[in-house]
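Colleague: Take this structure, written in structure tokens, and hold onto it; I'll ask about it next.
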């Protein structure tokens, strides 16, 4: 009996579920960013009230609507970067730092060419790219943690096998 046999095949179901999640989330991003009017139009007063509350509670006055919009763009692309990085093989996951900005540039170009009510901005590309990169870093960190744990589990299983002990399942 060999503990060092071939690695198990990757789960196709996991890949299909991941791709479905990626397509659904990408569709959500496209719906938000490519709608004829900006989504925040209906919520502008609420955002302004939130900013007033933040300022009353110690947030510097330079932090305003533009900064909230920038952070919202960053936040919108963190899950995108995470999902892309997790779905790509580990050796290719760094491509996320190109895929995220590329997707964002496509969106901003489309807005500029076809949506007269929308404002195309290089700052949105920066924010979206930062979000995708943060998502990539989170995915890489998660992979490193899981890899470290798996190495310990395998080392313990080999040791138990060599000692003639029964595996504990942990």
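Read-outs: derived from the displayed coordinates by stated rules, not from any lab. All values derive from a computational prediction rather than experimental measurement. Positions of Cβ are generated from backbone atoms using ideal geometry, with glycine treated the same way; all protein chains shown enter the neighbour counts.
Colleague: Determine, for 74, 154, the number of other Cβ atoms within 10 Å of each Cβ, and report the residues in order from fewest to most.
Modeller: On the way: 74 19, 154 12.
Listing 74, 154 from fewest to most nearby Cβ atoms yields 154, 74.
Colleague: Report, to the nearest 10°, how far helix 122-163 tilts away from the longest principal axis of the Cα atoms in the chain, using its own Cα long axis and a range of 0 to 90°.
Modeller: The two axes meet at around 10 degrees.
Colleague: Related question: Return 93, 148 ranked ascending by Cβ neighbour count within 10 Å, so the fewest neighbours appear first.
Modeller: Ordered by Cβ neighbours within 10 Å, fewest first: 148, 93.
Colleague: What is the angle, in °, between the Cα long axis of helix 12-33 and the longest principal axis of the Cα atoms in the chain? Nearest 10 is fine, range 0 to 90.
Modeller: With rounding to tens, the tilt is 10 degrees.
Colleague: Something else about it: For the chain, what is the calculated [θ] at 222 nm in deg cm²/dmol (nearest 500), taking -39500 (n - 2.57) for each run of four or more DSSP H residues and dividing by its residue count?
Modeller: Computed mean residue ellipticity for the chain: -24500 deg cm²/dmol.
Colleague: Shifting gears a bit: Any number yet on Rg/Rh for the range 128-170, C-alpha, Kirkwood?
Modeller: Result: Rg/Rh = 1.34.
Colleague: Using Cβ counts within 10 Å as a stand-in for footprinting exposure, how do 70, 106, 23 rank, fewest first? Present the calculation step by step, with values, prior to reporting the outcome.
Modeller: Numbers: 70 17, 106 14, 23 11.
Arranged by neighbour count, lowest to highest, 70, 106, 23 become 23, 106, 70.
Colleague: As I understand it, the value is the acute angle between the Cα axis of helix 44-56 and the longest principal axis of the Cα atoms of the chain; what does it come to in degrees, rounded to 10?
Modeller: The answer is roughly 80 degrees.
Colleague: I would also like to ask the following. How large is the translational diffusion coefficient of the range 28-137 in µm² per second when you combine the Kirkwood radius over alpha carbon pairs with Stokes-Einstein at 37 °C and 0.692 mPa s?
Modeller: Details: Rh = 14.9 Å.
The calculation lands on 220 µm²/s.
Colleague: Just subtract the alpha-carbon distance of residue 7 and residue 63 from 0.36 nm times their residue separation and send over the number in nm, one decimal.
Modeller: 15.0 nm
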